[in-house]
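Take a look at the structure set out below.
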Amino acid sequence: MDGQLDRRAELSEFLRTRRARLKPEDVGLPSFGRHRRVPGLRREELAQLAGVSVAYYTRLEQGNGRNVSAEVLDAIARALRLSGAEQAHLTHLAKPQQQRRRAAGARAQQPVRVALLQLLESIETVPAYVTGRRSEILAWNRMAAALFGDWGALPAEERNWARLVFLNPDYRDLFVDWDQKASDMVSFLRMDAGRHPDDPRLSALVGELSVKSEEFRRRWATHDVKEKSYGVKRMRHPLVGDLTLSFETFRLVDDDEQAFVTYHAEPGSPSAEALRLLASWGSDAAASLPM
């Protein structure tokens, strides 16, 4: 890839794939049997549902979002039955000049506030870390290293969740639901690409993963986006075996491109005991996951 993602192509493909997933009967339109030549809704049908002309919608789906109003985008989002994350992504792609607040890719790495680093260090029994743009891992505590491996042994450019999930086979073994983790990572990168299509480092990351991982390339082509701030992950650690952990993601108020992520186990559960064992083993646990 060159220095940036093609925003017009991104907008075009996103709208096309969202339209293709809707059936006429999903939105109360007749399907006319099996004689449809396109998957999902036709452009004419989508334009009718959104209350815009076919020519207007066609221009938008061809990547021309210039001068499109927020009201029209809202109408199209409703017609396509977009989620909140998908609607935000559509707005980022169609009206980037209103969303971009800072030059993308200008800094080699996002700085983490000293107080946040101190907070990480003080949390001794819960794996916690800070992520930034492009799924980069910016800081972590001792328990995160025990659970996920010694990120400090990696070069800074390789401390990246997407690279670890798709290019490091140990992470395929670590995450029991690897497919879901992989899809979540691609969705996150899609959201980031919508906000910052001119970020050369993000474009380079997507290009590298597309070349090296067919599984990434297939997921990237779906244009799926979602934001997942909490949930449950099942893991199989080489030292303590199976764990079921809940994760919480906290966006920083003063920098919403950084997130503080924690993992915890239900009190009294086998997973809680496993985390206690990991804490007691310290650096030996971190070394158990080859990097």
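The values are calculated or read from the model by the stated rules, or taken from the named source; none is laboratory data. Quick caveat: nothing in here was measured; it's all calculated off a predicted structure. Every residue, glycine among them, receives a Cβ derived from its backbone with ideal geometry; neighbour counts consider all protein chains shown. Remember, those area values only see protein heavy atoms, side chains included, never the ligands or the DNA or RNA. Shrake-Rupley method; radii C 1.70, N 1.55, O 1.52, S 1.80 Å.
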Cβ-based charge dipole, the chain, positive-most Cα from N67, A77, L275:
N67
Residues in the range 120-146, backbone N under 14 Å from the label point at V114 (7 Å along the Cα-to-beta-carbon vector): list them, ranges by number please.
none
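Given the peptides 56-69, 126-139, arrange them by the average over their residues of other C-beta atoms within 10 Å, most packed first. Show your work: numbers first, answer last.
Working: 56-69: 16.3, 126-139: 21.7.
Ranking, from highest mean packing down: 126-139, 56-69.
Ignoring ligands, DNA and RNA, what percent of the accessible area of the range 167-223 is carbon or sulfur (1.4 Å)?
Values: 1150 of 2170 Å².
Carbon with sulfur: 53 percent of the solvent-accessible area.
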Along the Cα→Cβ direction, 7 angstrom out, place labels at E257 and T17. What is the inter-label distance in nm?
2.3
Could you pull out every one of the lysines with an alpha carbon less than 29 Å from that of K233, ignoring same-chain neighbours closer than 8 positions?
K181, K212
Compute the helix-to-body angle for 70-80: its Cα long axis versus the longest principal axis of the chain, expressed 0 to 90° and rounded to tens.
80
Selection from L22, Y230, L5 lying farthest towards where the dipole of the chain points positive, charges on Cβ
L22
With everything on Cα atoms, drop me the angle between helix 200-212 and the longest principal axis of the chain, reported from 0 to 90° to the nearest 10.
80
Return the whole-Å distance between the Cα centroid of the range 249-272 and the Cα centroid of the range 179-210.
22
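Which value, in Å², gives the accessible area per residue of the chain when a 1.4 Å probe is used on the protein heavy atoms? Don't skip to the end; give the middle numbers.
Working: 14400 Å² over 291 residues.
Per residue, the chain has an accessible area of 50 Å².
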List the relative contact order of the chain as a percent without decimals, with contacts defined as Cα pairs under 8 Å and 6+ residues apart.
21
Fully extended, how many nm does the chain gain between D170 and A9 (0.36 nm per residue separation, minus their Cα-Cα distance)?
54.5 nm
Taking a virtual spin label 7 Å from the Cα of D198 along the C-beta vector, which residues in the range 59-100 bring their backbone nitrogen under 12 Å of it?
96-100
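Using r as the Cβ-Cβ distance of E158 and Q180, and R0 as 22 Å, what FRET efficiency do you calculate, to the nearest 0.05? Provide the component values of the computation, followed by the final result.
Working: r = 23 Å, r/R0 = 1.04.
The value I calculate is 0.45.
Rounded to the nearest 500 deg cm²/dmol, what is the calculated helix-only ellipticity per residue at 222 nm for the chain, with -39500 (n - 2.57) per DSSP H run of length n ≥ 4?
Details: 14 runs with 135 residues, N = 291.
The per-residue figure over the chain is -13500 deg cm²/dmol.
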What do you get for the angle between helix 7-20 and the principal long axis of the chain? Use alpha-carbon atoms, 0 to 90 degrees, nearest ten.
80
Under a point-charge model restricted to the Cβ atoms of Lys and Arg (+1) and Asp and Glu (-1), what is the dipole moment magnitude of the chain relative to its Cα centre, in debye to the nearest 20?
1260
